Amino acid sequence: MIEKHVKLKNSKGPDASSSIDTEEFSKMIKSIRIVENHKLK
């Protein structure tokens, strides 16, 4: 399980510095899928 806070671009808030935007979230998911596919081989 992975927990990550997602924010809108340029959002400000108490956890903004540790959050990712939707583009970064998409990249993270793609990377996870690549790792999952390599582990299945």
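State the number of residues belonging to the stretch 14-26 that are surrounded by 10 or more Cβ atoms within 10 Å (Cβ to Cβ) and part of a loop (DSSP other than H, G, I, E, B). Break it down into steps so the answer makes sense when it comes.
The initial filter retains those residues of the stretch 14-26 that are surrounded by 10 or more Cβ atoms within 10 Å (Cβ to Cβ), namely 16, 19-22, 24-26.
Retained after the next criterion (residues that are part of a loop (DSSP other than H, G, I, E, B)): 19.
Going through the stretch 14-26 one residue at a time, the tally reaches 1.
Among the residues of the stretch 22-41, write down those that are among the β-branched types (Val, Ile, Thr) and without any contact (Cβ under 8 Å) to a residue 12 or more places away in the chain. Talk me through it step by step, then tell me what you get.
Quick first cut of the stretch 22-41, residues among the β-branched types (Val, Ile, Thr) only: 22, 29, 32, 34-35.
Across the stretch 22-41, the qualifying residues are Ile29, Ile34, Val35.
Enumerate the pairs (first residue in the stretch 1-15 and over 18 Å from Ile29 (Cα atoms); second residue anywhere and in a loop (DSSP other than H, G, I, E, B)) with beta-carbon separation below 7 Å, excluding pairs fewer than 6 apart on the same chain, so at least 6 apart or on different chains.
Going by the 7 Å Cβ cut-off, the qualifying pairs are Asp15/His5.
Readers should treat all values here as calculations from the given coordinates under stated rules, not as data from a laboratory. These numbers were taken from a predicted model, which means no experiment stands behind them. Note that each Cβ is placed from the backbone with ideal geometry, even for glycine, and that neighbours are counted across all protein chains shown.
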